Amino acid sequence: MDKRIHKINKLLTDYSLGKFDRRLELSENLDDIDAFINGVNMLGEELKDSTIRKNYFINILNSVSDIVMVLNRAGRVEEINRAGCEQLGCSREEALGKSLDEWQEAGRSSLFARILQRLRAGAPSVHEDGVFIAGQQRKMPVHIYACYLMDDMRKNSSILVTAKDITLQIQSENLLLRAIIDTQEQERQRLAADLHDSLGQQISAIKFYISAAADTSEDRHNRDILVKSKDALMKVQAEMRNICFNLMPKTLEEFGLLKAIEELCKQPIYAGRVRFEIDCPDDFPSLPQQVEIDIFRVIQEFIANALTHGKAEKIWMRFQHNRNQIRIVLRDNGHGFILPDGMASPGRGLYNVQSRIKSHSGEVKIKSAPGSGAEYQLTLPIKH
């Protein structure tokens, strides 16, 4: 057997060990074996080049502080950077071959399917917010960016996905939202107190004087006018009480959320217009005042929308809780509305609903369709 065959076998063994710098010299014969040796030498050059490019690519990945993954067309991890392993709480070996959707929060539709659908539709890149479940079941809100990776033939070979942990960003946004909302609530409280204590007392005094004048007047015509004036003032006083209740119900401050909701549902303005059904367990927990105020505002907004826009005749409220969170479902039998893509709601009022719940690290899911009524699902953590 030609000795060059043994050299070829040894060279191929060296290549399998990553020694891509080795080469074989051609003989003077320039025969078929030399042609094969030339091909093996070219293979070494290509392996060396591709390895350098791969190592360069991996070094770039590892220099990035965000999570970076390379996915195959089935959505499984082909490569992941060091920061990704650290933030997700896994080793590189554990991550390789794992589906992207396995990190996604349970109960959500396939993240990879949405990414792939939009890339196939011609989008140059995909941006989306989501939640990953990292080590020890820690929820990590992330902003996701995805695009195709091209191979040497300029074909879409893999998908590059980066995920930025936005926990601190969300916390900062929530603090800002809380500052804005708390300022609004303080102003509502101040205005309600001013109306009740100052204007309310003056109206009561005027009503007393008119009543006294009506009782002592001997002119029947003037007495009728005074009685009508007193009745008008009583209506003003009742309307002012409604305004004060909407601004800041005393019941909410003194007796808590559930009593305030019961009082809200008994307001004269709703009599004959809508029926309420409230399902709440006796052990539903008391919550911090800020949380109860915001839930109360959300329910006010829901009722207003259900009556004004949905023309609803019945509203259901269901309160649930476990050790870690509360869940409130609000539903009406009104006209419903269309939810635009990428938006939770078409109106400013529903944006305020989301802002209030989000400021407590909660979540709002809104469901609606024409003819099917509307439903809010509020989920908020209980902070022990």
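The values are calculated or read from the model by the stated rules, or taken from the named source; none is laboratory data. Every value quoted in this text rests on a predicted model; they were computed, and no experiment measured them. Virtual Cβ from ideal backbone geometry, glycine too; neighbours counted across all protein chains shown. Side chains are part of the model used for accessible areas, which takes the heavy atoms of the whole protein and leaves out ligands, DNA and RNA. Shrake-Rupley method; radii C 1.70, N 1.55, O 1.52, S 1.80 Å.
Observations
- The set of residues in region 133-153 being part of a strand (DSSP E or B), free of Cβ contacts under 8 Å to residues at least 60 places away in the same chain, open to solvent by less than 90 Å² (accessible area, probe 1.4 Å) and closer than 26 Å to Gln169 by Cα consists of Ile133, Met140, Pro141, His143, Ile144, Tyr145, Ala146, Cys147.
- Applying the criterion of being part of a helix (DSSP H, G or I) and open to solvent by less than 50 Å² (accessible area, probe 1.4 Å) to the residues of region 68-86, the residue that is farthest from Asp165 (Cα to Cα) is Cys85.
- Residue, most open to solvent (accessible area, probe 1.4 Å), within region 87-101, restricted to residues that are part of a helix (DSSP H, G or I) and either polar (S, T, N, Q) or in contact with a strand residue (DSSP E or B) (Cβ under 9 Å, 6 or more places away or on another chain) (or both): Arg92
- Matching residues in region 228-239 - criterion: being among the hydrophobic types (A, V, I, L, M, F, W, C) and buried (at least 16 other Cβ atoms within 10 Å of the Cβ): Leu233
- Some residue of region 43-64 being surrounded by 13 or more Cβ atoms within 10 Å (Cβ to Cβ), in a loop (DSSP other than H, G, I, E, B) and modelled with pLDDT of 85 or more: no
- Entry remark, region 288-316: residues being under 16 Å from Pro249 (Cβ atoms) and free of Cβ contacts under 8 Å to residues at least 60 places away in the same chain number 9 in total.
- Selection within region 232-271 - modelled with pLDDT of 80 or more and not in a helix (DSSP H, G or I): Gly256, Lys266, Gln267, Ala271
Every residue, every condition in (1) closer than 29 Å to Asp182 by Cα; (2) in contact with a helix residue (DSSP H, G or I) (Cβ under 9 Å, 6 or more places away or on another chain); (3) open to solvent by 60 Å² or more (accessible area, probe 1.4 Å); (4) of a type in the set (A, V, I, L, M), yes or no:
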position: Leu252; (1), (2), (3), (4): yes, yes, no, yes
position: Lys259; (1), (2), (3), (4): yes, yes, yes, no
position: Cys265; (1), (2), (3), (4): yes, yes, no, no
position: Glu292; (1), (2), (3), (4): yes, yes, no, no
position: His321; (1), (2), (3), (4): yes, no, yes, no
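- Scanning region 325-362 for residues that are of a type in the set (D, E, K, R) and modelled with pLDDT of 90 or more yields Arg327, Arg331, Asp332.
- Matching residues, region 351-381, being open to solvent by less than 70 Å² (accessible area, probe 1.4 Å), within 23 Å of Phe284 (Cβ to Cβ) and hydroxyl-bearing (Ser, Thr, Tyr): Ser359, Tyr376, Thr379
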